[in-house]
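Participant: Sharing a structure, written as structure tokens. Questions coming.
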Amino acid sequence: MHIRVINPNTTASMTAAMRQAAQQQAAEGTTVSASQPDAGPVSIESHFDEAISAVGVAEEVLKGEREGGIDAYVVACFGDPGLLAARELTRAPVIGIAEAAFHLATLISTRFSIVTSLGRTGIIAEHLLQQYGFSHHCRRIRAAEIPVLDLEHHPEAAFTRIVEECCRARDEDGIGAIVLGCGGMANLTQEISHEVGLPVVEGVSAALKLAESLVSLGLYTSKHGDLAYPLPKAFTGKFSGLSDL
Ligand SMILES: O=C(O)C[C@H]1NC(=O)NC1=O
């Protein structure tokens, strides 16, 4: 099967790291490709960044549908930007890394904490926990207080900050597992788990394995109801190419 990982930010090196992490976890016979929008934020650290990146996610799914042969998509940003819009555009399963991580974390612990990059995006994770029904499972949303691109530009310092915050969560929050709250942490999971001594759930890998499961079960995004294809209509200006999809 073929799974497309979409990095909603436009940092190609982060996309490559996500693809590598996902391919390492993929089952034999699963091909993982990755893409990012041509236009949008280089990192997603605010509501505004999320809103802009959601358009890019939709455009990447449309590209994938035109390309053909893609069995599932992963939206690889912890805010799950544009997830429901993306699901409207395809019958293929579309899995957000936050939603995937929350599901898996509740299967291995009764309580988990999230460690994300910047504290100001914590409210986005809080809203997702409420939306997906996991609020009572999550003890606390913590932040390493590192800009997302520090994961690329200052990886050692970023790793240290993330581990320190994970250790505080382990010692203070009464939890059994940790969810990493950034797609850019996809290649750090094993090292962090080894340092912290708790199971660490990372969203790109979680979403990849859930996508494989859905495809293997023959499950697809329902086209009955609100996730049916969008109604054909005219779009104007720079979105005119989306007219009558
Ligand atoms: O929401 C966050 O804090 C992290 C989020 N930003 C980004 O560019 N990729 C992410 O996963």
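Participant: Of the residues that make up the range 227-235, is at least one assigned to a helix (DSSP H, G or I) and of a type in the set (Ser, Thr, Tyr)?
Facilitator: No, there is no match, as no residue in the range 227-235 is assigned to a helix (DSSP H, G or I) and of a type in the set (Ser, Thr, Tyr).
Participant: Being modelled with pLDDT under 95, over 25 Å from ARG87 (Cβ atoms) and surrounded by fewer than 16 Cβ atoms within 10 Å (Cβ to Cβ), is that true of even one residue in the range 172-190?
Facilitator: Yes, the conditions are met somewhere in the range 172-190.
Participant: List every residue pair whose Cβ atoms sit under 6 Å apart, with the two residues 6 or more apart in sequence or on different chains, where the first one lies in the range 12-38 and is more than 19 Å from VAL61 (Cα to Cα) and the second, anywhere, is of a type in the set (A, V, I, L, M, F, W, C).
Facilitator: If the second residue must be of a type in the set (A, V, I, L, M, F, W, C), the pairs left are ALA21/ALA186; ALA21/VAL204; GLN23/VAL32; GLN25/LEU208; ALA26/VAL32.
Participant: Now for a different question. Go through the range 93-127 and count every residue that is more than 10 Å from the ligand (Cβ to nearest atom), surrounded by fewer than 24 Cβ atoms within 10 Å (Cβ to Cβ) and either farther than 17 Å from GLU50 by Cα or not aliphatic (A, V, I, L, M) (or both).
Facilitator: Residues in the range 93-127 being more than 10 Å from the ligand (Cβ to nearest atom), surrounded by fewer than 24 Cβ atoms within 10 Å (Cβ to Cβ) and either farther than 17 Å from GLU50 by Cα or not aliphatic (A, V, I, L, M) (or both): 12 in total.
Participant: Filter the range 197-245 for residues that are among the acidic types (Asp, Glu) and surrounded by fewer than 20 Cβ atoms within 10 Å (Cβ to Cβ); which is nearest to the ligand (Cβ to nearest atom)?
Facilitator: Filtering first and then ranking leaves ASP226.
Participant: Here are some residues: HIS136, HIS194, HIS153. Which one is exposed (fewer than 14 other Cβ atoms within 10 Å of the Cβ) and within 27 Å of GLN36 (Cα to Cα)?
Facilitator: HIS153
Participant: Next question, about the same structure. Does the range 87-94 contain any residue that is within 18 Å of PRO37 (Cβ to Cβ), assigned to a strand (DSSP E or B) and modelled with pLDDT of 95 or more?
Facilitator: Yes, there is a match, as at least one residue in the range 87-94 is within 18 Å of PRO37 (Cβ to Cβ), assigned to a strand (DSSP E or B) and modelled with pLDDT of 95 or more.
Participant: Over 17 Å from the mean Cα position of the chain (by Cα) and in a loop (DSSP other than H, G, I, E, B): does that describe GLY40?
Facilitator: So GLY40 fails the test.
Participant: Can you name the residue in the range 58-92 that is closer than 19 Å to VAL42 by Cα and charged (D, E, K, R) and is also surrounded by the most Cβ atoms within 10 Å (Cβ to Cβ) among such residues?
Facilitator: Ranking the qualifying residues of the range 58-92, first place goes to ASP80.
Participant: Got a sec? Which of GLU59, GLU45, GLU65, GLU50 is in a loop (DSSP other than H, G, I, E, B), modelled with pLDDT of 95 or more and either away from the ligand (no atom under 16 Å from the Cβ) or of a type in the set (D, E, K, R) (or both)?
Facilitator: Matching residue, one of GLU59, GLU45, GLU65, GLU50: GLU45.
Participant: Criterion first (among the basic types (Lys, Arg) and assigned to a strand (DSSP E or B)) does ARG170 satisfy it?
Facilitator: no
Participant: If I ask for residues that are outside any helix (DSSP H, G or I) and under 17 Å from the mean Cα position of the chain (by Cα), which ones from the range 96-132 would you list?
Facilitator: Those that are outside any helix (DSSP H, G or I) and under 17 Å from the mean Cα position of the chain (by Cα): GLY96, SER113, ILE114, VAL115, THR116, SER117, LEU118.
Participant: Part of a helix (DSSP H, G or I) and in contact with a Leu (Cβ under 9 Å, 6 or more places away or on another chain): which single residue out of LEU245, LEU210 fits that description?
Facilitator: LEU210 is the lone residue from the list that is part of a helix (DSSP H, G or I) and in contact with a Leu (Cβ under 9 Å, 6 or more places away or on another chain).
Participant: Within the range 28-79, can you find the residues that are closer than 26 Å to ILE141 by Cα and among the aliphatic types (A, V, I, L, M)?
Facilitator: VAL42, ILE44, ALA51, ILE52, ALA54, VAL57, VAL74, VAL75, ALA76
Participant: Go through (1) closer than 17 Å to ALA186 by Cβ; (2) touching a residue at least 24 places away in the same chain (Cβ under 8 Å) one by one and return the number of the condition GLU65 breaks.
Facilitator: In the conditions (1) closer than 17 Å to ALA186 by Cβ; (2) touching a residue at least 24 places away in the same chain (Cβ under 8 Å), GLU65 misses (1) alone.
Participant: Could you check the range 68-86 and list, in sequence order, the residues that are within 20 Å of PHE235 (Cα to Cα) and outside any helix (DSSP H, G or I)?
Facilitator: Scanning the range 68-86 gives a single hit, GLY82.
Participant: Determine, yes or no, whether SER213 is in contact (Cβ under 8 Å) with a residue 12 or more places away in the chain and either basic (Lys, Arg) or at negative phi (or both).
Facilitator: Against the criterion (in contact (Cβ under 8 Å) with a residue 12 or more places away in the chain and either basic (Lys, Arg) or at negative phi (or both)), SER213 does not qualify.
The values are calculated or read from the model by the stated rules, or taken from the named source; none is laboratory data. None of these values were measured; they are calculated from a predicted model. Here the Cβ is made from the backbone with ideal geometry for all residues, glycine too, and neighbour counts use every protein chain on show.
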